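One structure is given below, encoded as structure tokens.
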2 protein chains.
Amino acid sequence: MKHILNKNTQEVLQAAQKQCQQQGLRFTTKRSNVLQLMLNENKSLSAYDIMAEYKTQYNQSISAVSVYRMLDFLIHAQFVHKLISSSQYIVCSHITCHHAHEIPQLLICDTCHQVEEISIGKLLASELEANIAASGFKLQRQQLELHGVCISCQNLH
Amino acid sequence: MKHILNKNTQEVLQAAQKQCQQQGLRFTTKRSNVLQLMLNENKSLSAYDIMAEYKTQYNQSISAVSVYRMLDFLIHAQFVHKLISSSQYIVCSHITCHHAHEIPQLLICDTCHQVEEISIGKLLASELEANIAASGFKLQRQQLELHGVCISCQNLH
DNA sequence: GTTGTAATGTTACAACATTACATTATTTTC
DNA sequence: GAAAATAATGTAATGTTGTAACATTACAAC
Ligand SMILES: [Zn+2]
Ligand SMILES: [Zn+2]
Ligand SMILES: [Zn+2]
Ligand SMILES: [Zn+2]
């Protein structure tokens, strides 16, 4: 399976627009702006970070509530992931990919807040499932969030 | 490796007390009360839940700040786990065990908030590590939190 | 008992998130 | 194209989780 990861902002925005059209979703200017803003920043952001950046980049105030609603939209459209463990948000690395989204495994750098999104392999996924199924437990949200230090930040110190 | 999981409250409290003595930690009445309270409830609780329950069960008000501090203590003593994904707290299932604590894998029921703590196997752990190491990423916190529905709640509906 | 340290209390506030209701923009229907 | 319906956004208030700063109390060491 070939992964063509997000390359540049314009390409991703166009892909997002297209996907919304196909599904009858409204890709409004503000939603587009929020996604663009998140693409520009190369790290995870809190909703309030986004609110502040929006003001800076577009010279227009938006409310926290609106940010949360736009994030909800972007998450449902599968353009954005929420990092539960840090209450932050990050653009999905696979918007321009054409395959189904696998169980995302998010490597979150606690130093620079960059997030690497790698897919958990089929084998590993099924082992995890088996491990869990032994308890009769039925998984709902499938997303692994792992905290640590990225390779760049390791090399700095 | 044999796991003797926590059985009854008294046994666990005594084990906790003993471990604190051995390590020169103070297992104060309030800390003990909080742990006992958490053992009585068979589910994860928020800090504010604990504050309210404390008032109910011990007829004495304690502040949120104190609850957070006691939770910090109990977490450092390895008696309690924090569920990052839900901002809740749960007693470790292995207080009375005598082996080292492995990478905890917490199966969190989103219906009844009961948490099953299973250990991730050696094999699975090393596969995960390898998967992650491929990115040069260095893990810090090792705790997997998985959300879903427990077997009891599946059988209800 | 005095002194030092750890535990707890009090107050204020920061950060993240939701609810309820009003207004504006867009689409649909006629 | 105007009216009605629906979706998006704004505004205000509030809820939830968590921390900072400083005061007080309990306890141990001497
Ligand atoms: Zn993704
Ligand atoms: Zn980094
Ligand atoms: Zn544990
Ligand atoms: Zn359940």
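The values are calculated or read from the model by the stated rules, or taken from the named source; none is laboratory data. Please read these numbers as outputs of a predicted model, since none were measured by experiment. Cβ coordinates were reconstructed from backbone atoms using ideal geometry, including for glycine residues, and neighbour counts include every protein chain displayed.
For the condition at the interface with chain A (Cβ under 8 Å from one of its Cβ atoms), surrounded by fewer than 17 Cβ atoms within 10 Å (Cβ to Cβ) and of a type in the set (Lys, Arg), residue B:138 qualifies. When each of B:93, B:152, B:126 is tested for being exposed (fewer than 15 other Cβ atoms within 10 Å of the Cβ), more than 10 Å from chain A (Cβ to nearest Cβ), hydroxyl-bearing (Ser, Thr, Tyr) and over 21 Å from residue A:143 (Cβ atoms), the lone residue that passes is B:126. If you check A:85, A:126 for being hydroxyl-bearing (Ser, Thr, Tyr), out of contact with any Pro (no Cβ under 6 Å at 6 or more places or on another chain) and free of Cβ contacts under 8 Å to residues at least 40 places away in the same chain, only one passes: A:126.
Touching a Ser or Thr at 6+ places or on another chain (Cβ under 6 Å), more than 16 Å from ligand 2 (Cβ to nearest atom), without any contact (Cβ under 8 Å) to a residue 24 or more places away in the chain and closer than 29 Å to residue A:82 by Cα, is that true of residue B:116? Criteria not met by residue B:116.
Return a yes/no flag: does region A:28-41 have any residue that is farther than 24 Å from residue A:142 by Cα and small (Gly, Ala, Ser).
Yes, region A:28-41 contains at least one residue that is farther than 24 Å from residue A:142 by Cα and small (Gly, Ala, Ser).
Could you tell me which residue of region B:35-48 is nearest to residue B:145 (Cα to Cα), considering only residues that are free of Cβ contacts under 8 Å to residues at least 24 places away in the same chain and either buried (at least 18 other Cβ atoms within 10 Å of the Cβ) or within 16 Å of ligand 4 (Cβ to nearest atom) (or both)? Ranking the qualifying residues of region B:35-48, first place goes to B:41.
Of all residues in region B:70-90, count the ones that are more than 14 Å from chain A (Cβ to nearest Cβ) and over 24 Å from residue B:124 (Cβ atoms). Here the count works out to 11. When region A:115-157 is filtered for residues that are under 21 Å from residue B:134 (Cβ atoms) and part of a loop (DSSP other than H, G, I, E, B), the ones remaining, listed by number, are A:120, A:121, A:142, A:143, A:150. Within region B:51-79, residues that are surrounded by fewer than 18 Cβ atoms within 10 Å (Cβ to Cβ) sit with their Cβ atoms under 6 Å from residues that are polar (S, T, N, Q), at 6+ positions apart or across chains, in these pairs: B:55/B:61; B:58/B:33. Residue A:80 meets the conditions (1) more than 23 Å from residue A:51 (Cβ to Cβ); (2) of a type outside the set (Asp, Glu); (3) assigned by TED's automatic domain parsing to the domain that holds residue A:41 in every case but one. The failed one is (1). Scanning for something among the β-branched types (Val, Ile, Thr), in contact with a His (Cβ under 8 Å, 6 or more places away or on another chain) and not in a helix (DSSP H, G or I), does region B:103-114 turn up at least one residue? Checking region B:103-114: at least one residue is among the β-branched types (Val, Ile, Thr), in contact with a His (Cβ under 8 Å, 6 or more places away or on another chain) and not in a helix (DSSP H, G or I).
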